[in-house]
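Novice: Sharing a structure here in structure tokens format.
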Amino acid sequence: MHVLVTGAGGFLGRYIAEQSLARGDRVRGLARGEYPQLADQGVEMICGDLRDAETVNQACHGVDVVYHVAAIAGIWGPWQTFYDINTLGTRHVIAACRKHQVGRLVFTSSPSVTFDGHDQNGVDESAPYPRRWLCHYPHTKALAEQEVLAADQPGELLTCALRPHLIWGPRDEHLIPRLIEPSSGELLIDGVPVQDLDLTLLRSVIGVVPQESFLFSDTIYENIAMGTDNATEADVNSATDISQLSNDLSDFHHGFDTMMGERGVTLSGGQKQRTALARAVIRNPQILILDDAMASVDTHTEDEILDRLRKVMVERTTIIIAHRISTVKDADHIIVLDDGQIVEQGTHSQLITLGGIYFDMFRQQQMKDELSDM
């Protein structure tokens, strides 16, 4: 079976892509950024935006099933952005499915589409949509859900909408900032369970750079400075030096005052990630979480960033989630996951000596780098 996963670079989309591969499916992924780790696993990646009907049309060509996971989530931001990505983007997916005679469309909705601000218990699919919406995200997802369900035509296109109430697991960086609670075991910070820490305090000392960072339609300066309430120009300069975005400022017509498009569409994938990194480090966090935050950055720039991070994160904690060995090789402790389970751990040299999964990844990536240099 040939499947398309929209939002393949995200937490849920990535798992769907990997499990489809494991099942023996041919997998194509559509994402806004570049995800070489998925391509290395055999996913045919298309870099594009749901708002571009032609890109969506190209992505749907020749597939049997579409898992439509991509969306913009959040509780603030302009209506048009949410509508264009969540609703109009879904409309593009439906049209492309019909054009290319795709048999099935599975839409990832949200339980928030029926939430009206009051407690809900035992809710099923018969629950009505509310008359008033708490924010633009559930409103635009509800509109998209209705269009998906209305498109169901037996014998042509079969559609369904799923409203998952909680999805989490390995590679989900949201546990540490305590956006969700651990279901078992303990998560300690300085020996104290996170449940016992004041939530506002906890989040104030953590900086997170997710796989797909949200950038606002504002200047580069403001996108970085919004990481703190009292940032000075010197602070912004220091943060961009650490993230190596400073090297690109001369390429922007107005330097720091250059306006970004919505979600940073005027920047390259690497520039987006470095802007998000600068926004995280300007907060001077005690804990810095990098979730594949350098996947779109070349190895030379990555080395420069990591070298600067080592200096500013002395006696602090940096958690790096990555597929590139070059990103993690200098970490004090490396944990290797396979199918959600810890299979190896140690330093880089210890894991190389062990000759297991980590060593195999190291050799494969080393050979790939050697071939690219030829």
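Derivation of every value follows stated rules applied to the coordinates shown; laboratory data play no part. Bear in mind that the values here come from a model prediction, so they are computed numbers and not experimental data. Every residue, glycine among them, receives a Cβ derived from its backbone with ideal geometry; neighbour counts consider all protein chains shown.
Novice: Applying the Karplus parametrisation 6.51 cos²θ - 1.76 cosθ + 1.60 with θ = phi - 60° to the phi angles of the stretch 242-253, what ³J(HN,Hα) value in whole Hz is obtained for each residue in order, glycine and proline being reported as x?
Specialist: Taking θ as phi minus 60°, the curve returns 4, 7, 6, 6, 4, 5, 9, 4, 5, 7, 8, 4 Hz for the stretch 242-253.
Novice: Continuing with the same structure: Counting Lys and Arg as +1 and Asp and Glu as -1, each charge on the Cβ, what is the dipole of the chain about the Cα centre in debye, to the nearest 20?
Specialist: Value, rounded to 20: 800 debye.
Novice: Among Leu215, Leu277, Leu354, which one shows the highest mean-square fluctuation when the chain is modelled as a Gaussian network with alpha-carbon springs under 10 Å?
Specialist: The residue with the greatest mean-square fluctuation here is Leu354.
Novice: If you don't mind, another one. For the stretch 1-84, treating each Cα as an identical point scatterer without solvent, what Debye log10 I(q)/I(0) comes out at q = 0.19 1/Å?
Specialist: The calculated log intensity ratios at q = 0.19 Å⁻¹ are -0.78.
Novice: At 222 nm, what helix-only mean residue ellipticity would the chain give, in deg cm²/dmol to the nearest 500, using -39500 (n - 2.57) for each DSSP H run of four or more?
Specialist: The helix contribution divided over the chain gives -10500 deg cm²/dmol.
Novice: Amide H of Leu288: which non-local residues (sequence gap of 5 or more, or other chain) have their own amide H closer than 5 Å, using H built in the peptide plane?
Specialist: Gly207, Thr317, Thr318, Ile319
Novice: Moving to a separate point now. Normalised by the number of residues in the chain, what is the relative contact order in percent for Cα pairs under 8 Å and 6+ residues apart?
Specialist: 11
Novice: A follow-up question, please. How large is the dipole of the stretch 188-373 about the Cα centre if only Lys and Arg carry +1 and Asp and Glu carry -1, each at its Cβ, rounded to the nearest 20 debye?
Specialist: With Lys and Arg at +1 and Asp and Glu at -1, about 120 debye.
Novice: To make sure I understand, if each residue's beta carbon is the centre and we count other beta carbons within 10 Å, what order do Asp64, Asp119 fall in, fewest to most?
Specialist: The fewest-first ordering by Cβ neighbours comes to Asp119, Asp64.
Novice: Report ³J(HN,Hα) in whole Hz for each residue of the stretch 61-69, in order, from the Karplus equation J = 6.51 cos²θ - 1.76 cosθ + 1.60 where θ = phi - 60°; Gly and Pro get x.
Specialist: Values per residue, Gly and Pro as x: 5, x, 9, 9, 9, 10, 9, 8, 10 Hz.
Novice: May I ask you to give the average projected area over all directions of the convex hull of the Cα atoms of the stretch 291-354, in nm² rounded to one decimal?
Specialist: Approximately 4.8 nm², given one-decimal rounding.
Novice: So what are the three principal axis dimensions of the stretch 188-373 from its Cα atoms, in whole Å, longest to shortest?
Specialist: On the principal axes, the stretch 188-373 reaches 50, 50, 28 Å in Cα extent.
Novice: Sticking with this one: Based only on the alpha carbon positions, what is the Kirkwood hydrodynamic radius of the stretch 2-162, in angstrom?
Specialist: Evaluated on the stretch 2-162, it is 16.1 Å.
Novice: Okay, moving on. Semi-axes, largest first, in whole Å: what does sqrt of 5 times each Cα gyration tensor eigenvalue give for the chain?
Specialist: 34, 26, 23
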